Amino acid sequence: MTFGHQNHLIMNWSNQITHLLGIAYPIVQAPMFGVTTPEMVAAASRTGALGSLALGDLPYAQCLEAIRATRTLTDAPFAVNIFVNSIPEISKSLKKQYADARSFIETLARQHQLEVSLPEFEAIQLTDYREQVHAILESKCHIVSFTFGNLDRESIGLLKENGSILIGTCTSVEEAQALEAAGIDIICVQGFEAGGHRGSFIAHPIPRIGGLSLLSQVYEQVHKPLIYAGGIYNANTLLATKQLGAAGFQVGSLLLGSKESALLDFEKNRLAQVGESDIVLTRSFSGRYARGIKNAFIEALDNSPYILPYPYQNKLTNTLRKVAKANRNVDFVSIWAGQSIHPYQNSSTEAILKALIQQVEFVAD
Ligand SMILES: Cc1cc2nc3c(=O)[nH]c(=O)nc-3n(C[C@H](O)[C@H](O)[C@H](O)COP(=O)(O)O)c2cc1C
């Protein structure tokens with residue numbers, strides 16, 4: 001199937017986002033920690049979109065290494081993305097909760113023929129996102145996106161002195177306003193449909209506002225350029241968000257099956273069979289809400305008292321997920337995915353993004 005004609009400018013893609021970020025198309029390959037690879041970022045950049053390197057909560061040295069590896073594959077600009085999360089205080093009761101959760105999860109895994117030894121509380125190492133900011137400064141990256149919170153004033157100052165464009169994630173109007181007030185340049189509006197973790201950082205319980213309502217309200221009340229993320233998988237969904245005020249379009253789940261995705265074949269096969277009722281919002285793996293495919297682990301944990309606050313739950317289940325992945329055990333891995341279920345193509349990132357661009361040009365004609 002062909003869409004439109006190349007070299008025939010049917011849709012004008014050029015806007016505030018393309019100018020600020022120095023890209024041809026205002027399409028953003030979503031940062032997906034655990035799924036995004038340097039190859040995916042480079043492929044997105046080759047297409048003329050914005051690649052995003054997910055650094056998650058990697059420590060300083062690993063951030064430097066991931067950025068260096070990506071730079072060997074592309075000269076184009078790409079975003080680096082970090083988890084901006086404050087670390088809850090350690091208390092006696094937290095340690096006790098951790099020990100109980102650890103023993104519950106090890107027993108649960110054993111009941112499913114998975115032998116794991118999870119780390120003791122004292123063995124876990126947490127990353128302060130400010131060390132990641134220093135890795136980013138040292139690597140001279142000029143596009144920085146983040147989720148789970150807002151950067152502190154000092155980090156914003158340092159990154160701006162470095163000439164960086166900052167992209168913060170919101171899941172409510174209030175969060176968008178907080179990012180705008182802090183001087184963040186671009187706001188990524190994450191709809192409830194989105195795969196992966198919710199970026200929520202102000203309201204408790206987390207906002208559950210749908211993307212349509214949220215984007216429209218943020219557009220009315222905030223004056224920064226907006227990128228929309230959540231449920232975009234084809235021309236119609238992309239153009240619908242353009243109509244509501246988005247100037248940038250972030251796609252995550254669309255690329256889960258791609259050649260450059262770090263998901264293994266057994267995970268891609270599970271995705272290919274997923275149904276509407278399999279996609280759930282869960283705190284079970286990390287302590288933060290994330291959207292993904294339901295499995296035995298999620299069902300057991302969500303009905304238990306054994307979920308610690310982020311990042312402790314995340315650290316606790318890290319080894320479990322690694323062992324499950326190595327054993328191709330679909331019941332103990334986290335496969336994050338959004339609500340827009342579609343045929344998860346296994347072609348290259350470049351081919352998937354090019355097809356999206358051509359389809360938009362054809363539909364918009
Ligand atoms: C597997 C996966 C991992 C994700 N990891 C991150 C991440 O590291 N940082 C981030 O800002 N967003 C992350 N997200 C959220 C995406 O940036 C984006 O909001 C979401 O993919 C958009 O919805 P969609 O999946 O329907 O396209 C992740 C999403 C998925 C599916």
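For helix 38-47, what angle does its Cα long axis make with the longest principal axis of the chain, in degrees from 0 to 90 and rounded to 10?
For 38-47 against the chain, the angle is about 20 degrees.
For the stretch 36-133, what does the alpha-carbon gyration tensor say about shape, rounded, prolate or oblate, given a ≥ b ≥ c as the root eigenvalues, a/c under 1.5 as rounded, and a/b over b/c as prolate?
It is prolate, given that a/c is not under 1.5 and a/b is the larger ratio.
Would you mind telling me which residue in L238, L166, L118 has the biggest mean-square fluctuation in a Gaussian network model of the chain, where springs connect alpha carbons within a distance under 10 angstrom?
Evaluated over the chain, the most mobile residue of the options is L118.
Once you've got the GNM for the chain with C-alpha springs shorter than 10 Å, pick whichever of M32, M11, M40 has the biggest mean-square fluctuation.
M11
In whole Å, what are the Cα extents of the chain along the three principal axes, biggest one first?
Computed over the Cα atoms, the extents are 61, 47, 41 Å.
Angle check, please: helix 60-71 long axis (alpha carbons) against the longest principal axis of the chain (alpha carbons), in degrees 0 to 90, nearest 10.
Between the helix axis and the principal axis of the chain, the angle is about 40 degrees.
Can you spot the lysines whose alpha carbon is less than 23 Å from K325's alpha carbon? Ignore those fewer than 8 places along the same chain.
Reachable lysines: K259, K268, K294, K315.
Placing +1 at every Lys and Arg Cβ and -1 at every Asp and Glu Cβ, with all other atoms neutral, what dipole size does the stretch 27-179 have around its Cα centre, in debye to the nearest 20?
180
Which value, in Å², gives the accessible area per residue of the chain when a 1.4 Å probe is used on the protein heavy atoms?
Dividing the accessible area of the chain by its residue count gives 43 Å².
Among E138, E193, E180, which one shows the biggest mean-square fluctuation in a GNM of the chain, springs joining Cα atoms closer than 10 Å?
E138
For a quick check of understanding: with a 1.4 angstrom probe and all protein chains in place, what accessible area in square angstrom does E65 have, to the nearest ten?
Counting only protein heavy atoms, the figure is 90 Å².
So, R0 is 25 Å and r is the distance between the beta-carbons of A262 and E299; what FRET efficiency does that work out to, to 0.05?
0.50
Give a residue-ordered list of calculated ³J(HN,Hα) values for the stretch 52-59 (Karplus: 6.51 cos²θ - 1.76 cosθ + 1.60, θ = phi - 60°; whole Hz; x for Gly, Pro).
10, 8, 7, 9, x, 10, 5, x
Ignoring ligands, DNA and RNA, what percent of the 1.4 Å accessible area of the stretch 65-207 is carbon and sulfur?
51
Given a 1.4 Å probe and heavy atoms of the protein chains only, how would you sort T282, T107, T127, T72, largest accessible area at the top?
The ordering from most to least exposed comes out as T72, T107, T127, T282.
Just reorder R328, R321 by solvent-accessible area, largest first, 1.4 Å probe, all chains present.
I get R328, R321, largest accessible area first.
Please list, by residue number, every one of the trypsin sites (Lys or Arg not before Pro) in the stretch 131-162 that is coil in DSSP and has at most 15 other beta-carbon atoms within 10 Å.
Those satisfying the criteria are K140.
Only Cα pairs under 8 Å and at least 6 apart count here; give the relative contact order of the chain as a rounded whole percent.
So the answer I get is 19 percent.
With +1 assigned to the C-beta of every Lys and Arg and -1 to the C-beta of every Asp and Glu, and no other charges, what is the dipole magnitude of the chain about the Cα centre in debye, to the nearest 20?
Here the size comes out at about 380 debye.
For the chain, take the longest principal axis of its alpha carbons; what is the angle in degrees between that and the long axis of helix 349-364, to the nearest 10 within 0 to 90?
50
Give me the log10 of I(q) over I(0) for the stretch 176-278 at q = 0.12, 0.13, 0.23 Å⁻¹, as the Debye formula computes it from C-alpha points; what are the numbers?
Log-scaled intensity ratios, in q order: -0.46, -0.54, -1.25.
Applying 1/(1 + (r/R0)^6) with R0 = 30 Å to the Cβ-Cβ distance of H112 and I341, what FRET efficiency is obtained, to the nearest 0.05?
0.70
If you count only protein heavy atoms and use a 1.4 Å probe, how large is the accessible surface of L108, to the nearest 10 Å²?
Ignoring ligands and nucleic acids, L108 comes out at about 20 Å².
Towards the positive end of the charge dipole of the chain, with charges on Cβ (+1 Lys, Arg; -1 Asp, Glu), say which of N327, M40, Q243 has the farthest Cα.
N327
The values are calculated or read from the model by the stated rules, or taken from the named source; none is laboratory data. Just so we're clear, the structure is a prediction, and the values are computed from it rather than from any experiment. We place every Cβ from the backbone using ideal geometry, glycine too, and count neighbours over all the protein chains shown. Quick note on the areas: whole protein, heavy atoms, side chains included, nothing else; ligands and nucleic acids left out. Shrake-Rupley method; radii C 1.70, N 1.55, O 1.52, S 1.80 Å.
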